[in-house]
Every structure is written in structure tokens, then in C-alpha cells.
Amino acid sequence: MRCLRHILDITWQDKVTKNNVLGRARITSMYTMLKQRRMRWLGHVVQMGDGRIPKDLLYGKLTQGKCPTGKLKIRHKDVCKRDLKAMDVDLATWEALVVDRSAWGHSVQRGLFKFEE
């Protein structure tokens, strides 16, 4: 933000919010960028062949061991599901949507636009 403010010649005394700075620079927020990257990675992993390590890690479950006591840690898979819900993508059919790359891209862009607003 500091660099953007410097480039746009906005001082801290101008009292311009982060959203206004991002709007002037025509840049989406970091949260939106992270969601976009996660969805791109998720689509890439789903299209991988079976037996690939990233796909096995995404769909795999522990067969041995215990979860630590206390608050459960959020898995990457849980964050992706939360992003899919925030973007109004159906959790039951999102994998079928990934197969059609253009439809997946359009639904991700539509969801990101909705999230950004």
C-alpha cells in the first residue's frame, strides 16, 4: 500500500482509504488475488491424473495418527471450500465444472467479482 500511495502521490495526510487507493490503481484486493490463485490451483490439481502427489494430498485422509487436542487446524481443503461457498459455486458439482475450463474460468471470475463488491 505504501508503494501504491507513493506512485499515486497520495500522502497519509490525505486520509484516503485502502479501498480507494486500490480503486484508483485499478487493482483488486489481496484477498481477491489469493482467492483467485487458490481457485486456479484447485482447478489445476483436479485435472491432474490419479496418483499425483498434489491430488493425493488434496483428496487424501489420514489412516493413522490422532488430531491434536484443542482447536482444529484449518486445512487447505477447508479454505478452498470456504472460498467456493463465498463465490456461490455449488460444492456438489464444482469438480464437474472444472472439467470445462472455460466454464470454470467464467464461474471463478463471476464469483470473484461478486466477492470484490
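The values are calculated or read from the model by the stated rules, or taken from the named source; none is laboratory data. Being a predicted model, the structure only gives us computed values, none of them experimental. Cβ atoms come from the backbone with ideal geometry, glycine included; neighbour counts cover every protein chain shown. Remember, those area values only see protein heavy atoms, side chains included, never the ligands or the DNA or RNA. Shrake-Rupley method; radii C 1.70, N 1.55, O 1.52, S 1.80 Å.
So, with a 1.4 angstrom probe, what is the percent of accessible area on the chain that is carbon and sulfur? Intermediate values should be presented prior to the final figure.
Working: 5310 of 9540 Å².
C and S atoms contribute 56 percent here.
Within the set Lys15/Lys81; Lys55/Lys85; Lys15/Lys77; Lys15/Lys73; Lys35/Lys71, which residue pairs have Cα atoms separated by over 30 Å? Provide the component values of the computation, followed by the final result.
On the way: Lys15/Lys81 36 Å; Lys55/Lys85 21 Å; Lys15/Lys77 39 Å; Lys15/Lys73 38 Å; Lys35/Lys71 24 Å.
Pairs exceeding the cut-off: Lys15/Lys81; Lys15/Lys77; Lys15/Lys73.
Among Gly111, Val99, Val79, whose Cα sits farthest toward the positive end of the charge dipole of the chain (+1 at Cβ of Lys/Arg, -1 at Cβ of Asp/Glu, about the Cα centre)?
Final value for the positive-end residue is Val79.
Please determine, in degrees from 0 to 90 and to the nearest 10, the orientation of helix 76-86 with respect to the longest principal axis defined by the Cα atoms of the chain, where the helix direction is its Cα long axis.
The helix 76-86 is inclined about 60 degrees to the chain.
At 1.4 Å probe size, with every protein chain present, just tell me what the per residue accessible area of the stretch 25-117 comes to in Å². Write down the numbers at each step before the final one.
Details: 7300 Å² over 93 residues.
Averaged over the residues of the stretch 25-117, the accessible area is 78 Å².
Between Arg37 and Glu117, how many nm apart are label points set 7 Å from Cα along the C-beta direction?
2.7 nm
Find how many whole Å separate the alpha carbon centroid of the stretch 25-64 from the alpha carbon centroid of the stretch 68-117.
9 Å
Relative to a virtual label point 7 Å from the Cα of Glu95 in the Cα→beta-carbon direction, which members of the stretch 58-84 show backbone nitrogen distances below 12 Å?
58-60
Of the listed values (i) 25, 19, 15; (ii) 34, 20, 12; (iii) 32, 14, 14, grab the one calculated as semi-axes √(5λ) of the Cα gyration tensor in Å from the structure here.
Derived directly from the coordinates: (ii).
Report the gain in length on full extension from Lys18 to Asp88: 0.36 nm times residue separation, minus Cα-Cα distance, nm rounded to one decimal. Write out the running numbers ahead of the final one.
Values: separation 70, 0.36 × 70 = 25.20 nm, distance 2.59 nm.
Contour length minus Cα-Cα distance gives 22.6 nm.
Working from Cα positions, state the angle (0 to 90°, nearest 10) between the long axis of helix 30-46 and the longest principal axis of the chain.
The answer is roughly 30 degrees.
Keeping every protein chain in place, order His76, His106, His6 by accessible area at 1.4 Å, biggest value first, i.e. largest first. Mind showing how you got there, number by number?
Values: His76 90, His106 120, His6 150 Å².
So the residues, ranked largest to smallest area, are His6, His106, His76.
Given Cβ point charges of +1 (Lys, Arg) and -1 (Asp, Glu) and nothing else, what value in debye, to the nearest 20, does the dipole of the chain about its Cα centre take?
On the way: 24 positive and 12 negative charges, 99 e Å.
Charge dipole of the chain: 480 debye, to the nearest 20.
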